[in-house]
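Note sheet for the following structure.
The values are calculated or read from the model by the stated rules, or taken from the named source; none is laboratory data. Since we're looking at a predicted model, the values are computed, not measured. Cβ placement follows ideal geometry from the backbone for every residue including glycine, while neighbour counts extend to all protein chains displayed. Ligands, DNA and RNA are stripped out before the accessible areas are found, and what is left, the full protein with its side chains, is counted by its heavy atoms. Shrake-Rupley method; radii C 1.70, N 1.55, O 1.52, S 1.80 Å.
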Amino acid sequence: MDERIQKYEDKMKKTLSNLDSDLVTIRAGRANPHILDKLTVDYYGSPTPLQQVANITVPEARMIQIQPWESSLIKGIEKAILTSDLGLNPNNDGKSIRLVFPELTEERRKELVKDVKKKGEAAKVAVRNIRRDANDAFKKMSKEISEDEVKDLEQQIQKATDKFIKQIDASVEKKSKEILTV
């Protein structure tokens, strides 16, 4: 593969992996410990990812249990969950915190699917912007390389764009199905 195409394809890969990591954090009715990935807790004055200060398990299909390594962190973890956009109420027994996931209503599922599609659209726009940047760069090269070579590079970047847009659609479709499955 041409290294001139490779750097743009790498950017497209990053866009896809960002979308996938965003979609993982959207809850689909089942308890998924990844929804806590973006939460940080104040640990001795510095914001620390929740995974680094507690053991996170899924004892039941709709429950996450958070067992902090130090009981002094329980209040901070509760505060982080309550101030996040997760919409969950933590229950603590002094040693651990339980997050119980309510069944998603039909309305909430549809909202989540809309959100997933919005994120998918944003990823597609990002991929298309990368294609535009690549094409602009190729046009600037027309002084050094032939017109046919520029056309060839543009076709290659278009193929890469189509491939990544297909993968984005597949990710969005898979997540939407997961959310709508009761």
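Please go through (1) closer than 30 Å to Asp162 by Cα; (2) charged (D, E, K, R); (3) surrounded by fewer than 17 Cβ atoms within 10 Å (Cβ to Cβ) for Glu106 and return the number of the only condition it doesn't satisfy.
Answer for Glu106: the failing condition is (1).
Among the residues of segment 31-76, write down those that are over 24 Å from Leu112 (Cβ atoms), of a type in the set (Gly, Ala, Ser) and within 23 Å of the chain's Cα centre (by Cα).
Ala54
Among the residues of segment 43-66, how many are within 13 Å of Pro33 (Cα to Cα) and either open to solvent by 70 Å² or more (accessible area, probe 1.4 Å) or outside any strand (DSSP E or B) (or both)?
Qualifying residue count, segment 43-66: 7.
Would you be able to tell me the number of residues in segment 28-42 that are in a loop (DSSP other than H, G, I, E, B), open to solvent by less than 30 Å² (accessible area, probe 1.4 Å) and out of contact with any Lys or Arg (no Cβ under 6 Å at 6 or more places or on another chain)?
3
Only one of these conditions is not met by Lys119: (1) touching a residue at least 24 places away in the same chain (Cβ under 8 Å); (2) under 29 Å from the mean Cα position of the chain (by Cα); (3) closer than 19 Å to Gln6 by Cβ. Which number is it?
Status for Lys119: all satisfied but (3).
Could you list, ordered by first residue, the pairs with Cβ atoms under 7 Å in which the first is in segment 38-66 and of a type in the set (Lys, Arg) and the second is open to solvent by 60 Å² or more (accessible area, probe 1.4 Å) and part of a loop (DSSP other than H, G, I, E, B), at least 6 apart or interchain?
Going by the 7 Å Cβ cut-off, the qualifying pairs are Arg62/Arg30.
Report, by residue number, each residue of segment 147-173 that is surrounded by fewer than 13 Cβ atoms within 10 Å (Cβ to Cβ) and under 29 Å from Val116 (Cα atoms).
If the condition is that a residue be surrounded by fewer than 13 Cβ atoms within 10 Å (Cβ to Cβ) and under 29 Å from Val116 (Cα atoms), then Lys159, Asp162, Lys166, Ala170 are the ones that fit.
With respect to the numbered conditions (1) surrounded by 15 or more Cβ atoms within 10 Å (Cβ to Cβ); (2) more than 23 Å from Val113 (Cα to Cα); (3) of a type in the set (D, E, K, R), which one is the sole condition not fulfilled by Lys79?
Tallying (1) surrounded by 15 or more Cβ atoms within 10 Å (Cβ to Cβ); (2) more than 23 Å from Val113 (Cα to Cα); (3) of a type in the set (D, E, K, R), Lys79 fails exactly one: (1).
Could you say whether any residue in segment 1-14 is open to solvent by 70 Å² or more (accessible area, probe 1.4 Å), touching a strand residue (DSSP E or B) at 6+ places or on another chain (Cβ under 9 Å) and either on the phi > 0 side of the Ramachandran plot or outside any helix (DSSP H, G or I) (or both)?
No, every residue in segment 1-14 fails to be open to solvent by 70 Å² or more (accessible area, probe 1.4 Å), touching a strand residue (DSSP E or B) at 6+ places or on another chain (Cβ under 9 Å) and either on the phi > 0 side of the Ramachandran plot or outside any helix (DSSP H, G or I) (or both).
Which residues, taken from segment 82-96, are within 26 Å of Glu111 (Cα to Cα) and either charged (D, E, K, R) or open to solvent by less than 60 Å² (accessible area, probe 1.4 Å) (or both)?
Residues satisfying the conditions are Ser84, Asp85, Leu86, Leu88, Pro90.
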